[in-house]
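Trainee: One structure, pasted below without further comment.
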Ligand code: BDR
Ligand code: CA
């Protein structure tokens, strides 16, 4: 059985990713969900995660609230893609506060991460699908933390300089570049570190016809929910990615649940630009490894057919 720990800024594609992770309950156990400021403020992230768990009927998954601010930089949020509540401003949002109380634990997300990893040394796959603030803090609080993680998968950054929040930067790395830099400085030496960069997420689109005419119409609660959270912001997603829906965070989870889905990757040294006038948050790939850093795996291609199948099954 694989043990998973997810850190999220729940977000529409984070919701897809959580639903996907929970759908693999036969082979993978989700130990908990830690929340971070990102697409929206962390208190709203917690509410959204609780809502997703309510839809999945999984009140056994503990949720932890984490950093409410990036380490150094100012907040950036992503309302055009995720709505002002992070879940597409669903009109009749019927989540109940009791559910939140049921799943939310008192520990801070960073402490929870450290504790859960200590209790399951070298057994947990850590999946980061928001800004890396909580993880950077965990590394600083416990410098041995990275050496106790089985493997780390991050949705974030880029490797060909293509951005989404700015011309040059992907949202999760831009939202907390200092944290991303700490993570890329500490993890690769002691832990298998993979990123699903923006370019690969974008190439892993789910065709719009399939999404709107098939996936949204499965007639299940989770399919309905997926349709609802995308309804108000669908046009914005379509404009950004005309060929299909880019569920970036779900791609990252899929590579952990089924590593055979990865068709290609490059192993490179990488760091993050923290102050560039035009390039803040961009990943700088050191193709010839002049820096002599430990390498990370940058996933460049996944099996789209398999991914689509996994997404289909996740909402049944
Ligand atoms: C990432 O940014 C967020 O808006 C999404 O949830 C995803 O984690 C994509 O760049
Ligand atoms: Ca996210």
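The values are calculated or read from the model by the stated rules, or taken from the named source; none is laboratory data. Please read these numbers as outputs of a predicted model, since none were measured by experiment. We place every Cβ from the backbone using ideal geometry, glycine too, and count neighbours over all the protein chains shown.
Trainee: Within the stretch 47-63, does at least one residue satisfy the condition of being within 16 Å of residue 85 (Cβ to Cβ), under 12 Å from the mean Cα position of the chain (by Cα) and at pLDDT 95 or above?
Mentor: No, every residue in the stretch 47-63 fails to be within 16 Å of residue 85 (Cβ to Cβ), under 12 Å from the mean Cα position of the chain (by Cα) and at pLDDT 95 or above.
Trainee: Kindly provide the set of residues from the stretch 247-263 that are more than 23 Å from residue 184 (Cβ to Cβ) and either surrounded by 15 or more Cβ atoms within 10 Å (Cβ to Cβ) or at pLDDT below 95 (or both), ordered by number.
Mentor: Once the filter is applied, which keeps residues that are more than 23 Å from residue 184 (Cβ to Cβ) and either surrounded by 15 or more Cβ atoms within 10 Å (Cβ to Cβ) or at pLDDT below 95 (or both), the stretch 247-263 yields 247, 257, 258, 261.
Trainee: Do any helices (runs of 4 or more DSSP H) entirely within the stretch 79-150 hold 1 or more residues that are within 15 Å of ligand 2 (Cβ to nearest atom) and touching a helix residue (DSSP H, G or I) at 6+ places or on another chain (Cβ under 8 Å), and if so, which?
Mentor: It comes to 79-82, 109-119, 133-141.
Trainee: Right, next: Please enumerate the residues belonging to the stretch 1-56 that are in a loop (DSSP other than H, G, I, E, B), within 14 Å of ligand 1 (Cβ to nearest atom) and in contact (Cβ under 8 Å) with a residue 60 or more places away in the chain.
Mentor: 9, 10, 11, 36, 37, 38, 39
Trainee: Could you list all residues from the stretch 264-293 that are surrounded by fewer than 17 Cβ atoms within 10 Å (Cβ to Cβ) and assigned to a loop (DSSP other than H, G, I, E, B)?
Mentor: Hits for the stretch 264-293 are 275, 276, 277, 278, 287, 288, 289, 290, 291, 292, 293.
Trainee: Let me ask something else about it. Residues being assigned to a loop (DSSP other than H, G, I, E, B) and within 12 Å of ligand 1 (Cβ to nearest atom): count how many of those fall in the stretch 164-187.
Mentor: Number satisfying all stated conditions: 6.
Trainee: Now for a different question. Being over 8 Å from residue 281 (Cβ atoms) and crowded, with 19+ Cβ neighbours inside 10 Å is the filter here, so list the residues in the stretch 161-177 that pass it.
Mentor: 164, 171, 172, 176
Trainee: Can you confirm whether residue 76 is within 16 Å of ligand 2 (Cβ to nearest atom), crowded, with 19+ Cβ neighbours inside 10 Å and either farther than 28 Å from residue 244 by Cα or modelled with pLDDT under 95 (or both)?
Mentor: Here the answer is no, as residue 76 does not meet what is asked.
Trainee: Moving to a separate point now. Can you tell me which condition residue 157 does not meet? The list is (1) in contact with a strand residue (DSSP E or B) (Cβ under 7 Å, 6 or more places away or on another chain); (2) more than 16 Å from ligand 1 (Cβ to nearest atom); (3) not in a helix (DSSP H, G or I), and all the others hold.
Mentor: So residue 157 meets the others, but not (2).
Trainee: A follow-up question, please. Taking the stretch 105-114 on its own, how many of its residues are closer than 19 Å to residue 151 by Cβ and either surrounded by fewer than 19 Cβ atoms within 10 Å (Cβ to Cβ) or free of Cβ contacts under 8 Å to residues at least 60 places away in the same chain (or both)?
Mentor: The total comes to 1.
Trainee: Just one of 208, 215 is within 22 Å of residue 313 (Cβ to Cβ), away from ligand 1 (no atom under 13 Å from the Cβ), in contact (Cβ under 8 Å) with a residue 12 or more places away in the chain and touching a strand residue (DSSP E or B) at 6+ places or on another chain (Cβ under 6 Å); which is it?
Mentor: Testing whether each residue is within 22 Å of residue 313 (Cβ to Cβ), away from ligand 1 (no atom under 13 Å from the Cβ), in contact (Cβ under 8 Å) with a residue 12 or more places away in the chain and touching a strand residue (DSSP E or B) at 6+ places or on another chain (Cβ under 6 Å) leaves just 208.
Trainee: Mind listing whichever residues of the stretch 61-73 are in contact with a helix residue (DSSP H, G or I) (Cβ under 6 Å, 6 or more places away or on another chain) and away from ligand 2 (no atom under 15 Å from the Cβ)?
Mentor: 61, 63, 64, 65, 68, 71, 72
Trainee: Now for a different question. On the given criteria, is residue 196 buried (at least 21 other Cβ atoms within 10 Å of the Cβ), within 16 Å of ligand 2 (Cβ to nearest atom) and modelled with pLDDT of 95 or more?
Mentor: It is true that residue 196 is buried (at least 21 other Cβ atoms within 10 Å of the Cβ), within 16 Å of ligand 2 (Cβ to nearest atom) and modelled with pLDDT of 95 or more.
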